[in-house]
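Take a look at the structure below.
We did not get these values from a lab; they are worked out from the coordinates using the rules stated. Note that the structure is predicted; figures quoted are calculated from it, not measured. Heads up, the Cβs are rebuilt from the backbone with ideal geometry, glycines too, and the neighbour counts pull from every protein chain shown.
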Amino acid sequence: MSSKEKEEKIPLHVAIIMDGNRRWAQKKHMPVSYGHKKGVDTVKEIVAAAREIGIRYLTLYAFSCENWQRSPVEVKTLMFLLKEAISRYVDELYTNGICIKYSGRISQLPKDVFEVLKKAEEKLKDNKDMVLNIALNYGGRQEIVNAVNSIIGSGIKRIEEKDINKALYTYPLPDPDLVIRTSGEQRISNFLLWQSAYSEFYFTEKYWPEFDKEDLMKAIEDYSKRERRKGR
């Protein structure tokens, strides 16, 4: 296989619905917070693996706009873990040439969390090896409505696909080639509704805290065997 053929087998953009932290913890008779903490460790492992494999864009569904409906204690725990993880991880991301992007209404997050996110984004903005895109306070329907309203507000009278593409939270990232969901659930959960129109999907029974590099490789191997028709 030529190097070009090998590159074509590696998805340019992988998006992951990180599901199963709570069920994994409950299965081990541990508090939910334990599952979320282990989930953060998995994020670090998968980011490193994705960079090593040659994935250029990695989008992680970290906190949906629906997640605000969880208990105040769990939401507070998630915000704390997010802030701590970004603060402690930013130097490693910088060293590894990874820049960070956020998709969603991050300005609605707690002020201290928002400030940490923006500081990390600024520090990593010139890195070129890989883009880590974190979907935070994100909802696919919300994103499309926001895009349409933004376009209308700009004065455009006839909306085309390219206009919506440019108004999405994820712009200018390419659409995901592969969407992975952990925990055995087989639904999209309001994630990248527009962008995943022609994506390949891979579902695994593994809970997110137990998903590892080997599992990521299995997903990519499965992807490499598919013929992408993109609606044709």
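Numbers for the structure displayed
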{"quantity": "Cut-off 12 Å between beta-carbons: net charge of the residues surrounding Glu205, Lys and Arg +1, Asp and Glu -1", "calculated": "0"}
{"quantity": "Percent RCO, i.e. relative contact order, over the stretch 62-136, from Cα pairs under 8 Å lying at least 6 residues apart", "calculated": "44"}
{"quantity": "Average Cα contact separation per residue, the chain, under 8 Å, 6 or more apart, as relative contact order %", "calculated": "28"}
{"quantity": "The chain, dipole about Cα centre (Lys/Arg Cβ +1, Asp/Glu Cβ -1), debye to the nearest 20", "calculated": "420"}
{"quantity": "Of Met217, Leu78, Val43, farthest towards positive along the dipole that unit charges on Lys, Arg, Asp, Glu beta carbons give the chain", "calculated": "Leu78"}
{"quantity": "Square roots of five times the Cα gyration tensor eigenvalues for the stretch 27-80, Å", "calculated": "25, 15, 8"}
{"quantity": "Net lengthening on full extension, Glu45/Val75 (0.36 nm per residue, minus Cα-Cα)", "calculated": "8.5 nm"}
{"quantity": "Across Lys162/Lys230; Lys44/Lys128; Lys83/Lys218; Lys119/Lys162; Lys83/Lys119, pairs whose alpha-carbon gap is larger than 22 Å", "calculated": "Lys83/Lys218; Lys119/Lys162"}
{"quantity": "The stretch 3-224: proportion of alpha-carbon pairs further apart than 25 angstrom, %", "calculated": "39"}
